[in-house]
Amino acid sequence: MCGIVAYLGPKQAYPILINGLRRLEYRGYDSAGVALLNSKLNVYKTKGKVADLEEFVRDVDISGTIGIAHTRWATHGEPNYANAHPHFSQSKNIALIHNGIIENYAPLRKELETRGYKFESNTDTEVLTNLIEDIKINENVSLFEAVRIALNQVIGAYAIVVIDANDPNSLIAARKGSPLVIGIGKDDYFVASDATPIIEHTKNVVYLDEEEIALIKRDSDLKIKTIRNKEKTPYIQALEMNLSALEKGGFEHFMLKEIYEQPSSIRDSMRGRLHAEAGSVSLGGIIDYEQKMVNASRIIIVACGTSWHAGLVGEYLFEDIARIPVEVEYASEFRYRNPVIYESDVVIAISQSGETADTLAAIELAKSKGATILGICNVVGSSIARATHAGSYTHAGPEIGVASTKAFTAQVTLLTLMALRMAQLKGTLTKSRFIQLLHEMERIPEKVQKTLEVSKKVIEIAEQFKDVRNFLYLGRGYNFPVALEGALKLKEISYIHAEGYPAAEMKHGPIALIDEEMPVVFIATNKGTYDKVVSNIQEVKARKGKVIAIVTEGDVTVRGMADYVIEIPETEEMFVPLLATIPLQKLSYHIAVMRGCNVDQPRNLAKSVTVE
Ligand code: G6P
């Protein structure tokens, strides 16, 4: 996925654009570019990161009070100069930046080639740029109208900003399937993929809706139309985000900062929702759909990546305490499997970014079958948040590190609250047990804080195992998804191969991998299937594997068997994932740092995956 930023106003555009690109680099970072208009429309672009672009423009003319800029994560064509954005049209009168994918770019390109267009890149974006130019010339219409007509011919997803060499006073922006926000300053406009590049300039924003085009004109009001030519009134909202939340706050990496934010992010996720004293849980966002949930024949959870792991924790929660059957689905499989969906189903879509293409498509499919769709998203105003019937935001704050940490624990927090609310409504727990759980949940942020204090031990373990080639993570029950998430975190940022498994399944395959070189991380907290996990640890020790165990404070049995133990505070079994995940995040982090990996921007990954 790509990051888009644009500026129009009285100031010099370049510093604003480059700053904005730096904030958006988490969206993709294989090439970057900028187009600036003064007397001439100049496009500068380069393979690599935003810092490479800054180096590249050191000796060129970067003046201009209007411009567009882009940081790319390749979807069509390898990451190189030619494929980097912005793309010029053939006449060089139009330049365009794009996030998304034009699915029918091949026939459009063919058609344009027969009309004499030559292409410099392999991108779908250059096709769209020339399509707009072709329409503008042949239909003799304004650029805005040409963009509108072109977008009616396009199948796929886009967030675009277009600049015209002959009009230093206008930008045109449009979106479908990829996000776009317009910031409205005193006498200037900002456009970006999300609000992070905008917030330091203005708090007033308009989120473009699906298939909307905006005409952004100097000294004029913002005008919005749909691509079907219907006028829309811009809805201006005030951003509540705080700029300091977007910066590293003294930590070496965003990921570490985000790991340490978890006591407060979990507290924020519970704020105003958990009322232990009053003995209730309230989730305002889904209040109108609670009865649907209570009556649901089942809940289907759709998600990808880390959010899918949160969904698995949700399955244990809803079944355990609210007695509602749950299926957890990879959105990408669900959408293509011709799944059986009933109108009585409640689908919960979980997504940090709220932009994941597969999750969005799974939602649309379930919606078309009449199911009720609820969302759990972190990014306010994101596509998934808007595509669902209702939902609850996680309120974890912006997550910049590509590997998800605080968003995961916030998702689990929200699922826990939802399951508790269902248990309350369905009466599946006794009143006293329910209240006891609420009181314990209230203490989770302070227990997370305590869990964060185990650094020394984690660093010692990281030092010991940083050079191994494989890791195995094992857990049972609520701790099985924790094992999966621990393994995912390690492979994402350290590039060490790691597998998560249900501990009992080990004997059906992974046990063959165990030798004296193999570190096996057990999540062996003292509830549920503890005794069974102890047996699994013995099986590993018998084969000389190295055991790293996450245990409950005061544990003696596992301590006597494991090579390394990390203690976490005692809590109810259903809350253990919120604590046990923390040392695993830290272990991955320290191993990755010791291996010299780029923790915040791991290779080949992107924060928000808006293509399938
Ligand atoms: C990408 C990210 C993962 C994330 C997944 C789902 O692959 O790198 O960290 O878990 O997308 O993203 P979502 O925003 O839908 O939670």
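Using a simple charge model, +1 on the beta-carbon of Lys and Arg, -1 on the beta-carbon of Asp and Glu, nothing else, what dipole does region 453-600 show about its Cα centre, in debye to the nearest 20?
On the way: 17 positive and 21 negative charges, 65 e Å.
Charge dipole, region 453-600, about its Cα centre: 320 debye, nearest 20.
Along Cα→Cβ, 7 Å out, is where each label goes; now give me the distance between the ones at Arg271 and Asp221 in nm to one decimal.
Rounded to a tenth, the inter-label distance reads 3.4 nm.
Output the direction-averaged projected area (hull surface divided by four) of the convex hull of the alpha-carbon atoms of region 187-303, in nm². Provide the component values of the computation, followed by the final result.
Numbers: hull surface 50.0 nm².
Approximately 12.5 nm², given one-decimal rounding.
Along the charge dipole of the chain, pointing to its positive end and built from +1/-1 on Cβ of Lys, Arg, Asp and Glu, which listed residue (Val448, Ala385, Pro510) has its Cα farthest out?
The residue sitting farthest along the positive end of the dipole is Ala385.
Determine, at each q value in 0.07, 0.09, 0.10 (inverse angstroms), the log₁₀ of I(q)/I(0) that the Debye formula gives when each Cα of the chain is one equal point scatterer.
Calculated log10 I(q)/I(0) at the listed q: -0.46, -0.74, -0.89.
If each DSSP helix of 4+ residues adds -39,500 (n - 2.57) and the sum is divided by the residues in the chain, what number results at 222 nm, nearest 500 deg cm²/dmol?
Result for the chain, helices only: -10500 deg cm²/dmol.
Two decimals, Cα atoms only, Kirkwood Rh: what is Rg/Rh over region 64-141?
Looking at region 64-141, the ratio lands at 0.96.
Give the distance, in whole Å, between the Cα centre of region 433-480 and the Cα centre of region 535-558.
15
Using only Cα atoms, tell me the angle between helix 530-542 and the longest principal axis of the chain; keep it within 0 to 90° and round to the nearest 10.
Here the helix axis deviates by roughly 90 degrees.
Put a dot 7 Å past each Cα toward the Cβ at Lys456 and Ser142; how far apart are the dots in nm?
Taking the simple label geometry, Ser142 and Lys456 are separated by 6.9 nm.
So what's the angle, to the nearest 10 degrees on a 0 to 90 scale, between helix 576-594 and the longest Cα principal axis of the chain?
Tilt relative to the chain: about 60 degrees.
Would you mind ranking Phe334, Phe465 by Cβ crowding within 10 Å, fewest neighbours first? Present the calculation step by step, with values, prior to reporting the outcome.
Values: Phe334 25, Phe465 21.
By the 10 Å Cβ count, ascending, the order reads Phe465, Phe334.
Using 1/(1 + (r/R0)^6) with R0 = 35 angstrom and r between the beta carbons of Asn38 and Glu612, what's the FRET efficiency to the nearest 0.05?
Rounded to the nearest 0.05, the efficiency is 0.30.
About the Cα centre of the chain, what is the dipole size in debye to 20, counting +1 per Lys and Arg Cβ and -1 per Asp and Glu Cβ, all else neutral?
Dipole magnitude for the chain comes out near 260 debye.
Taking H as built 1.01 Å from N, whose amide H comes closer than 5 Å to the amide H of Ala349, not counting residues under 5 places away?
Here Val302, Leu374, Gly375, Ile376 satisfy the definition.
Once fully extended, how much extra length lies between Arg298 and Glu319, figured as 0.36 nm per residue of separation less the alpha-carbon to alpha-carbon distance?
Between Arg298 and Glu319, full extension yields 6.6 nm more.
Treat each spin label as a single point 7 Å out from the Cα along the C-beta direction, and report the Arg469 to Glu252 distance in nm.
If labels sit at Arg469 and Glu252, their model points lie 2.7 nm apart.
Order by neighbour count: Phe434, Phe190, fewest other Cβ atoms within 10 Å first, most last.
Phe434, Phe190
Just for the Cα atoms in region 453-600, what are the lengths along the principal axes, largest first, rounded to whole Å?
The Cα atoms of region 453-600 stretch 38, 33, 24 Å along their principal axes.
So if I place +1 on the C-beta of Lys and Arg and -1 on the C-beta of Asp and Glu, and nothing else carries charge, what would the dipole magnitude of region 3-244 be about its Cα centre? I want it in debye, nearest 20.
Computed about the Cα centre, the dipole is about 140 debye.
Can you give the relative contact order of the chain as a percent, counting alpha carbon pairs under 8 Å and 6+ residues apart?
After rounding, I find 11 percent.
Go through region 192-283 and name the GluC sites (Glu not before Pro) that are in a DSSP coil and have 11 or fewer other Cβ atoms within 10 Å of their Cβ. Present the calculation step by step, with values, prior to reporting the outcome.
Details: sites: Glu200, Glu210, Glu211, Glu212, Glu231, Glu240, Glu247, Glu252, Glu258, Glu261, Glu277; in loops: Glu200, Glu210, Glu211, Glu240, Glu247, Glu252, Glu261, Glu277.
The qualifying sites are Glu240, Glu277.
Could you compute the FRET efficiency for His508 and Ser264, with r as their C-beta to C-beta distance and R0 at 51 Å, rounded to 0.05?
That gives a FRET efficiency of 0.80.
Where Lys and Arg each count +1 and Asp and Glu each count -1, what net charge lies around Arg323 among other residues with Cβ under 12 Å from its Cβ?
Neighbourhood net charge equals 0.
Kirkwood hydrodynamic radius (Cα pairs, Å) of region 247-442?
Answer for region 247-442: a Kirkwood hydrodynamic radius of 16.8 Å.
When all alpha-carbon pairs of region 282-361 are counted, what percent fall beyond 19 Å?
Result: 38 percent of Cα pairs exceed 19 Å.
Would you kindly state how much longer the chain becomes between Glu440 and Asn104 on full extension, computed as 0.36 nm times their sequence separation minus their alpha carbon distance, in nm to one decimal?
Computed gain between Glu440 and Asn104 is 115.6 nm.
Laboratory data are not the source of any read-out in this text; all were calculated from the coordinates shown. The structure displayed is predicted, hence computed values, not measured ones. Ideal geometry is used to build each Cβ from the backbone, glycine not excepted, and the neighbour counts take in all protein chains shown.
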